[in-house]
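Just so you know, all these numbers are worked out from the coordinates, no wet-lab data involved. Just so it is clear, the structure is predicted and the values come from calculations on it, not from any experiment. All Cβ positions, glycine included, derive from the backbone under ideal geometry; neighbour counts span all protein chains shown.
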Amino acid sequence: MLELKNISKIYRSGSVDVKAVDGVSLKIFSGEFVAIMGASGSGKSTLMHILGLLDRPDTGTYSIAGQDVTRLSDDQLAALRNRIIGFVFQQFHLLARMTALENGELPLIYAGRRGMQEKVRHELTAVGLADRVEHRPNELSGGQQQRVAIARALVNDPFILMADEPTGNLDSKSKDEIMGILRDLNAQGKTIIMVTHESEMASYATRVIHMRDGKIISDENRKVPENFQPTENAQSVIKEILAVAHQTYDPAKFLDSFRQAVYAMVSHKLRSFLSILGILIGVAAVIAMLALGHGAQASIETQLSSLGSNLLTIRPGRERVQGVALESGAGTRLNFQDMEEISELPSVRRVSPSVTGRVQVVYANNNANTQIEGVNVDYAPMRASEPVVGRFFTDEEVRSRAKVAVLGVTVAQALFGENDPIGETIKINLINFTVIGILPPKGASSWRDQDDIILVPVTTAMYRLLGKDYIDSMYVEGDSPEILESLQETITQTLLKRHRLNNQPNPEDAFQIRNMADIKAALETTTKTMSMLLGSIAAISLLVGGIGIMNIMLVSVTERTKEIGLRKAIGATRRDIMMQFLVESVLMSCIG
């Protein structure tokens, strides 16, 4: 069944090489009950580790049922440990969070045979624990825990059972019971290899091997096995195992990893809570910072939409005469002829004149000093100023200089409070006007309240209220943001030509044209920069939370070294172990 040829294992202790196993050659036949004895440090445990595929020899070859396993991969060795070999340990190594049934089921999980609980119950019954299957290890005696370990080792019907000091932590009665079980298993054909230092326990074996200083010094055959499992059966199983050792990850293993993650979190509640809290704070910071960034961007977009899109604003410039700077519009004024010519330019969608001033407005016992702006009918769609209540004035009302007014929200509130102002008559500079609409609220812009305004027809403002025969400014809407720069240049050249300013010094100062797209781009760039800054700060918080979970998982791995060793001994691969801890960390992150 097993054959070692010139096996050596060397450990380095500082600058000294220690030969734990030194040139051992050994054959163990199917159905034997072998006891390996020796003093502490004789190499018997290291030999057991090599026989059980838990360690690799430095030199020599090792064959199981004729198959050389010396050069197999870790995954292949794990699969062989799972199906060919069963382990019984001195310390039992039962997982405290699991019942006897769940502990016995572990090898089945790594063999992809999870749904075989009846097999586990059968083995637990065979070792006398039929009434203890739902008990946890802390509810079982030492002998009962060792019986669970034996049942766990048998659930996959291994050909070889390896027991490392299986009675070392038991009382005399329990020792006899466990050795009786091992003897019965041997009688059923199991090959048993036991490491012990007690001659009394070795007396149960059919063959006793003594070791000293890493070498076999005696090998005593006491009885030829009468019942054994044919080696050919082991050969066929080994070929089957090696053929599928690299199969894809089994979902049953993931379910076990998930269950173990939940158990680990519940059993360390405070530690898990603190880890989750770190992620919670990090994610909350990311959400809050990104929300602030998006909120700022939305606020800016709202303000920009109130200004209008694809918009150019034209105003008279501040000219200089003989080195003296004049006020805006002192040298050049805009007029309706300018507006008509600009409206005929290609790519111009709409044009609205604007005349502004301050007025006193009165209704009943209420009055306010506010800004009045005279515009035409194109102003409303250009500046997102379609009334939310009532209507805007018409072309006919502009031509007839009608005394109609559309109020901003602030003015309406000051004059009418909660009352409906539509159809009411107000006095603007002692002239009666009829209220026909309420503008949508736009909020504050810089230090100015955009809702503290009254809109009237431009002709009414010029000839009835402000006494102006010129236009203060114009709003020009282009077809798209892409053409605004070229349109701005075209309008500049058109106005300079109309006003015969091309030959004047610094003619470009005669008019100011403000491009709203530039303002929008600048504000959006500022917002993006702020969002990136806030996002970076939040990402650092999230990173700190992630490092916290990494630290906790590192501690968890360190604490659970024995559990990891047990799982690997019963067939878990590196990927299985990694998945278990990854699932736990991901679960904590997701909860956070």
| remark: Of every Cα-Cα pair in the stretch 145-202, the percentage lying beyond 15 Å is 45 percent
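Can you pull the Kirkwood radius for the stretch 105-157, inverse mean 1/r over Cα pairs, to one decimal in Å?
11.1 Å
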| said: Quick check: from the Cα gyration tensor, does the stretch 1-46 come out rounded (a/c under 1.5), prolate or oblate? | reply: oblate
| Of the beta bridges DSSP finds with both residues in the chain, what % are antiparallel, to the nearest 5? | 70 percent
| When ranked by the protection proxy of mean other Cβ atoms within 10 Å per residue, highest first, what sequence do the peptides 365-377, 132-144, 185-197 form? | 185-197, 365-377, 132-144
| query | So, in nm, how far is label Tyr11 from label Glu200 when the simple model puts each one 7 Å beyond its Cα toward the Cβ? | reply | 2.8 nm
| note | Over all viewing directions the Cα convex hull of the stretch 460-592 casts an average projected area in nm² of 17.9 nm²
| Rule-of-thumb Rg ratio for the stretch 359-465 [Cα; 2.2 N^0.38 Å; N residues] | 0.97
| message | Taking the square root of 5 times each eigenvalue of the Cα gyration tensor, what semi-axes in Å does the equivalent ellipsoid of the stretch 99-231 have, largest first? | response | 27, 18, 13
| message | Using 20 Å as the Cα-Cα cut-off, could you pick out the over-long pairs in Lys5/Lys215; Lys403/Lys468; Lys27/Lys119; Lys19/Lys215? | response | Lys27/Lys119
| the stretch 28-160, relative contact order [Cα under 8 Å, separation at least 6], % | 27 percent
| request: Please figure out what share of the DSSP beta bridges in the stretch 398-442 is antiparallel and state it in percent, rounded to the nearest 5. | output: 50 percent
| What share of Cα pairs, in percent, lie more than 19 angstrom apart in the stretch 1-130? | 59 percent
| Percentage relative contact order, the stretch 396-554, counting C-alpha pairs under 8 Å, at least six apart | 19 percent
| By a straight-distance test (C-alpha under 12 Å), which aspartates and glutamates pair with Lys190 as possible cross-link partners, with residues fewer than eight away in the same chain excluded? | Glu32, Asp157, Glu226
| Can you give the Rg and Dmax of the chain based on its C-alpha atoms, in angstrom? | 45.5, 129
| request: Under a cut-off of 23 Å between alpha-carbon atoms, report the lysines in cross-link reach of Lys562, not counting same-chain residues fewer than 8 places apart. | output: Lys9, Lys44, Lys253, Lys269
